[in-house]
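The values are calculated or read from the model by the stated rules, or taken from the named source; none is laboratory data. Note that the structure is a prediction, hence the values are computed from the model and not measured. With ideal geometry, Cβ positions are generated from the backbone for all residues, glycine too; neighbour counts draw on all protein chains shown. Ligands, DNA and RNA are stripped out before the accessible areas are found, and what is left, the full protein with its side chains, is counted by its heavy atoms. Shrake-Rupley method; radii C 1.70, N 1.55, O 1.52, S 1.80 Å.
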Amino acid sequence: MKNIYILLISFLLLSCQDFVDETPKGKVIPKTVDDFGMILDGFDQFDSNSMTYGINNMTLMTDDITMTDAIGNQTDVIGLNAFLWEDYMYNFDDDDDDWNHLYHVIYLSNFVIESIDEAPEGAGNYNRDVVKGTALLYRAYNYFGLVNLYAKHYDKNTASTDLGVPLKIASDVNEKIGRATVAQVYEQIEKDLDDAQNLLPREVEYSFRGTEQAVYGLKARLHLYKGEYKLAWKAAEQARLLSREIKDYNTIIPVMEGQPDFGFTNWPTVYRAWERPDVIFFKDASDKSEAYYMSDELLGLFDQVNDLRFSLFCTDLAFYSFSPDPNGTRFSGDGDCSRGITLGEIYLNEAEAKLRDILQNSATEVTVNDVLDVLNQLRAKRYKTGVVDITETDPLVLLDIVLKERRRECMFKGLRWFDLKRLNKETAFKKTISHTLYGETKTLEPEDNKYILPIPRKVIALNPLIEQNPR
């Protein structure tokens with residue numbers, strides 16, 4: 001797939017001086033359904049403007065990683081600022097990669113949505129409805145990332161007044177707007193997903209194209225984060241039932257036992273990660289998660305003998321070597337760290353949402369056995385054959401088990417930072433986390449303003465209608 005058409009219209013969509021300040025010249029505007037389909041197929045993991053861009057700095061800010069001084073010496077200033085929760089990761093004149101690239105995809109999606117209905121067919125390589133549905137899904141997915149990075153976690157009591165992000169749903173590059181509320185952004189995401197749902201197929205050749213189950217998968221995540229648990233588990237259940245069988249990690253064969261950097265005989269490489277079997281909607285991992293090391297807390301959550309996610313994909317060996325790594329244990333780049341929607345997350349969204357529905361709704365139609373069934377289906381594919389099922393029936397104890405399973409399954413997939421934000425709203429799960437580097441330890445309290453990233457300062461300088469987050 002080529003991303004040439006992203007460049008063809010970037011002069012329209014990236015010239016918006018509210019967000020970026022370079023304007024490519026001399027480009028040609030695409031016109032046909034096929035042209036717009038090729039825009040959305042702009043997959044190139046070496047291009048930071050790819051449609052599959054995954055959020056960048058979140059992993060560094062979480063409690064899943066540690067950083068030695070030696071690794072700190074190899075990390076750029078932005079990465080160090082993220083790891084140490086500085087007030088600003090970027091200098092005043094720097095581009096914020098997440099802000100720019102997520103809006104880049106939104107601008108392209110807006111252009112496609114506005115143009116697709118009247119576009120001539122072209123050669124007939126793309127279906128009009130699928131192209132439109134995929135653009136709607138892309139817009140929804142990227143707004144979900146933006147509102148969870150740059151705004152407070154959704155709270156039904158305050159979402160109508162909490163500041164979200166600028167809500168650009170048209171490709172007018174001259175439009176200057178302020179920040180919509182968190183509620184308004186979520187409403188737009190839900191509308192886009194509803195509109196996309198009936199336009200998309202169940203199966204596609206490439207997982208960076210939209211599907212019906214991807215829509216349900218994002219709906220499940222969205223409703224879980226909103227605390228709408230019945231809607232969340234129903235969407236997750238639908239996504240799971242529409243999807244292929246989850247990958248059994250017992251069948252994965254390493255090229256070199258104990259050293260995942262050399263890859264696997266029956267598992268796609270990091271360069272074709274969108275082919276991995278449990279990826280429902282692919283987004284690239286853009287922050288080189290494999291270069292960072294697992295925290296003691298995360299390591300302690302694993303059954304290091306029987307959990308195949310650990311034994312297959314984690315290593316305490318140096319890169320492409322059988323020598324010990326002095327920096328600790330890391331997650332190999334050949335593990336699954338897609339930043340999109342994966343089937344494992346869908347199983348755990350369903351299990352968690354069903355449990356929370358049980359805890360909050362005495363009239364719920366689901367039982368603890370329904371939760372155990374979903375949870376153990378996943379575990380059967382992630383642990384060595386013969387590991388016993390979970391049988392815990394106390395909903396509160398089981399919720400803790402599910403959340404720990406979620407942390408293992410979703411490590412380095414870009415969800416932990418958002419999960420910390422939402423779990424900090426609950427007394428039972430809020431936590432203070434610490435990072436140490438160069439002999440200095442910094443802590444992040446549950447309600448710290450630094451859980452909400454600053455709007456890029458150059459953006460505010462160009463558009464004073466956008467209000468900054470408190471530091």
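Overview of values
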read-out: Expected 222 nm ellipticity per residue - DSSP helices of 4 or more, -39500 (n - 2.57), all of the chain, to 500; value: -12500 deg cm²/dmol
read-out: By average C-beta atoms within 10 angstrom, highest first, the peptides 341-350, 373-382, 411-420; value: 341-350, 411-420, 373-382
read-out: Average accessible area per residue (Å²) across region 338-398 - probe 1.4 Å, nucleic acids and ligands excluded; value: 40
read-out: Tensor-based shape of region 102-231 (alpha-carbon gyration tensor, a/c under 1.5 rounded, otherwise prolate or oblate); value: oblate
read-out: Carbon and sulfur %, accessible surface of region 117-170 computed with the full protein complex present, 1.4 Å; value: 46
read-out: Distance histogram for region 340-414 (every C-alpha pair counted, 10 angstrom bins, percent rounded to whole numbers); value: 19, 53, 25, 3
read-out: Region 273-355, accessible surface, carbon-and-sulfur percent (1.4 angstrom probe); value: 53
read-out: Overall form of the chain per C-alpha gyration tensor (a/c, 1.5; a/b vs b/c); value: rounded
read-out: Nonlocal amide H pairs with residue 264, under 5 Å, H built at 1.01 Å; value: 255
read-out: Gained length - residue 251 relative to residue 468, 0.36 nm times residue gap less alpha-carbon distance; value: 73.2 nm
read-out: The chain: relative contact order in percent, alpha carbon pairs under 8 Å with at least 6 residues between; value: 19
read-out: Cα gyration tensor, region 163-233 - rounded (a/c under 1.5), prolate or oblate; value: oblate
read-out: Fraction of accessible area attributable to carbon and sulfur, region 376-440 (%, probe 1.4 Å); value: 53
read-out: Size-normalised alpha-carbon gyration radius of region 387-471, reference 2.2 N^0.38 Å; value: 1.51
read-out: Region 139-297: Lys pairs at Cα distance under 16 angstrom, eight or more positions apart or on different chains; value: 10
